[in-house]
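To start, the structure under review is shown below, and the notes come after it.
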Amino acid sequence: MNRGGGRQRTRGVLPSSGAPRTVAVARALGFAALLPLVLAVPSSRVSAEEPAVPAMNLGDDGRIGAFVVAGPYEPRDRGKGSPPEKLTLDDRPEGMPREAPLAGFACAATAPEPCARRSSAEVTKGGAIDLRDRLRPRGEALAYASVTVRAEAAFRGYLLLSVDDGVRVSVDGHPIFTRDEWRPPRDDDDAVPLDLPAGRHTITLELHQRDGAWQLGARLVGASLERPAKLVIEVPGGGPALAAQKPTKVRFVRALDRTATMLAPELVISFPEGAPVGLDTHVHAKLTTGAGAAYDVDAGIADVSESTRVSLPPVPLAGADGAKLTARIGGVTEEATVVLPSKVVAALARASRVLAEPRPADDPGARGLRALDTRLDVELRDARLRRFLAEGDTDRVALESEADELDELVTALGSGRAFEKRGAYRHALLSNTDGKLSEMGLYVPPSFYAARPEAGKEPRKHALVVALHGMNGQPMEMVRWFFGKDDGGHDGYWEDRHMPPSFDPIDAFVLAPSGHGNAMYRELGEEDVMQALAWVKARFPIDPQRVSITGPSMGGIGAAGIPLRHPFVFAAAAPLCGYHSTFVRRDVAGKRLSAWERFLGEDRSNADWAPNGRALPLYIVHGTQDLPEENSKVLIEKYESLHYPVKHEHPDLGHNVWQTTYENPDTEKWLTRRSTTQHPKWVLFRTARTRWHDAAWVHVP
């Protein structure tokens, strides 16, 4: 399916006739469907007299690591008071020649000034070239990017593009693919079929920028999406840029054995951006401990086509903290220091002994946190600490804090008592969907412990707020945010591992599920949230009529989407800066859609599920600078047209409205003071699938 409902065109020029013809391509449901539609291009044989051109191998995932880039070319200014011209890929703005000038300009790839209307060899970093940073367009603009592919044998496969907004692909001067629409940069968003005879072939990309980010990333893969074995790329005039590029990625893995007595360092060497042809990839590694012992490994030649693993001799953990790791390859030297606090080593050793025992049986009748829950929390902490050490984490404060928590859990598990942690805490959830551990943050209010009921009496029931993190967010980070503790001086990864000493207490539980990472709280993500909700209800005195939900950005989408698909489960929702309709997206709005495309769009648009919200008050916040505001207004307007309760605010802010919203204690009060009924007199329920089949006492079989 073509993302966003945009149109794709594949255009080719037949070498025999020289006359262009248009080939219509149906939207492909998979890469295999594109294979019969590849267009052959003529071979360009290599002459023995041609001078050598700087060449690179493809990256280990087929990444093209360098392009020659020319631009930006901008529309003519039509004078004061008149808007500038609009551009398309068929335009030639002022100063732009008929053919792209992709060589012969003195603009170094590392120059700090922009390469305006010039060509330069640009190397990728992190899989893409930031064209906005390199070319610095003032607004709408066009640019060219070019690379020469040298095929030792015939190649049949795909060019996978990660670009925005528009692109036209030509091979040896023959246009074969065009897509020109508003869209964000997404990995492998376009799959362009290629059929190249042996020889040299020039791939040229005409790029159309409208606004926002502007990036260029590309991969060449075979018919089965594998890295091609007999392709290299050439970058005319790119010698200095390629020589300055650091193509090698050396990762140190510091694995502990299961008993936590030995350290087994390992090197993982890869070439994600590709390596210059002829690069010396001989690997030499060394480990020097604090006691002065040194271990040298001559690991031979690294493979430029895939990751190479090199094991260093195991060393005792005593003295390993502070050990130096050094690797040298291709003129590049990488160094790292082993961070291995003794408290962490001791905690892992204790955990290894209790984890050697089988998991206890689940006892659904047990009160409080059961033995299985504590065991899963031990497994989660053990896996986290081992992963941090393997990745070379240097945050000693966070490492030792988790080691203390692991020790507490191991002690509780060994004594056979339930583990109770007050305040905010990270818990493990054994996913029903894949059987793996996921994380969730849980805040337990002090009032729960302060008023324990007498034996035989029911405990007082509490309100619960489900807080959904945003894109790339973490559960404990979201707990901090909800309590108004978003720390602008640190990233979310740090916030997730560093809890404040205390929160201003509230009389409610707060649950922050992981939502299967960036699953958009759909399918697996939705299942994760609903399972976490059931987990909390089974263990704590939660009032089922006072469960509310909130979240920012991606979490805002889920905070509206989940309760609208599960009516009468949630008493209120506060979706912040969310996106609630596919049809207001710029790459969809105004497009002619087929019936099945419209069905899928409605299925993923919260505004189209709004009729289910009769008993779900909404509190929506969307900044006026977070454009387009219609992403939230479409849900607001739908609620207002249905005469459903909706409160909305539009501060003069960008995307981050969560900081001011959650810092205001009225937000928590609005959520926790709402209540819903489990037995309404009548139910209005709209659903598209039997996946969502319950609304109060209504069940769709």
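Only protein atoms count toward the accessible area here, which uses a 1.4 Å probe; on region 641-701, the carbon and sulfur part of that area reaches 53 percent. With all protein chains in place and a 1.4 Å probe, the accessible surface of region 423-527 carries 51 percent carbon and sulfur.
With both labels modelled 7 Å from their Cα along Cα-to-Cβ, the His490 to Val698 distance reads 4.7 nm. Across the accessible surface of region 257-403, with the other protein chains kept in place and a 1.4 Å probe, carbon and sulfur atoms take up 52 percent. With a probe of 1.4 Å, find how much accessible area region 443-601 has per residue, and write the answer as a whole number in Å². With the other protein chains kept in place, region 443-601 gives 38 Å² per residue. Put Asp180, Asp187 in order of accessible area, highest first, and with a 1.4 Å probe you get Asp187, Asp180.
Counted residue by residue at 0.36 nm each, then reduced by the alpha carbon distance between them, the extension gain from Asp652 to Arg138 reaches 182.6 nm.
Here the extension length gained between Glu420 and Ala198 equals 73.2 nm, from 0.36 nm per residue of separation less the Cα-Cα distance. Within the straight-line cut-off of under 26 Å between alpha carbons, the lysines reachable from Lys230 are Lys125, Lys246, Lys249, sequence neighbours fewer than 8 places apart in one chain being disregarded.
Phi angles of region 483-488 translate, via the Karplus equation with coefficients 6.51, -1.76, 1.60 and θ = phi - 60°, into HN-Hα couplings of 8, x, 10, 5, 9, x Hz per residue; Gly and Pro are given as x.
Averaging Cα coordinates gives a centre for region 194-229 and one for region 396-418; these two points are 50 Å apart. Of the residues Ala347, Ile329, Leu317, the one whose Cα sits farthest toward the positive end of the charge dipole of region 290-350, with +1 on the Cβ of Lys and Arg and -1 on the Cβ of Asp and Glu, is Ala347. For region 480-564, the relative contact order comes to 21 percent (Cα pairs under 8 Å, sequence separation of at least 6). Rolled with a 1.4 Å probe across the full set of protein chains, the surface gives Arg426 an accessible area near 20 Å².
Checked against a 26 Å cut-off, the cross-linked pairs Lys421/Lys461; Lys421/Lys485; Lys647/Lys669; Lys421/Lys457; Lys421/Lys647; Lys485/Lys669 give Cα-Cα distances beyond that limit for Lys421/Lys647. The largest accessible area among His427, His174 belongs to the first residue in His174, His427, and the rest follow in falling order (1.4 Å probe, all chains). What the phi angles of region 138-145 give under the Karplus curve with 6.51, -1.76 and 1.60, with θ = phi - 60°, is a coupling list of 7, x, 5, 7, 10, 8, 10, 9 Hz, glycine and proline written as x.
Exposure check, 1.4 Å probe, all protein chains in place: Asp280 carries approximately 100 Å² of accessible surface. Label-to-label distance, Thr660 versus Asp91, with points set 7 angstrom from Cα along the beta-carbon direction: 3.6 nm.
Given R₀ = 45 Å, FRET efficiency for Thr337-Ala534 by Cβ-Cβ distance, to 0.05?
So, using R0 = 45 Å, E works out to roughly 0.55.
Between Lys230 and Glu391, the simple label model (points 7 Å from Cα in the Cβ direction) yields a spacing of 4.1 nm. Taking each residue as 0.36 nm, the span from Ser502 to Ala154 lengthens on full extension beyond its C-alpha to C-alpha distance by 118.8 nm.
Val310 contributes an accessible area of around 10 Å² to the protein surface, as traced by a 1.4 Å probe with all chains present.
The values are calculated or read from the model by the stated rules, or taken from the named source; none is laboratory data. Since the model is a prediction, treat every value here as computed from it, not as a measurement. Note that we place each Cβ from the backbone using ideal geometry, even for glycine, and neighbour counts take in every protein chain shown. Quick note on the areas: whole protein, heavy atoms, side chains included, nothing else; ligands and nucleic acids left out. Shrake-Rupley method; radii C 1.70, N 1.55, O 1.52, S 1.80 Å.
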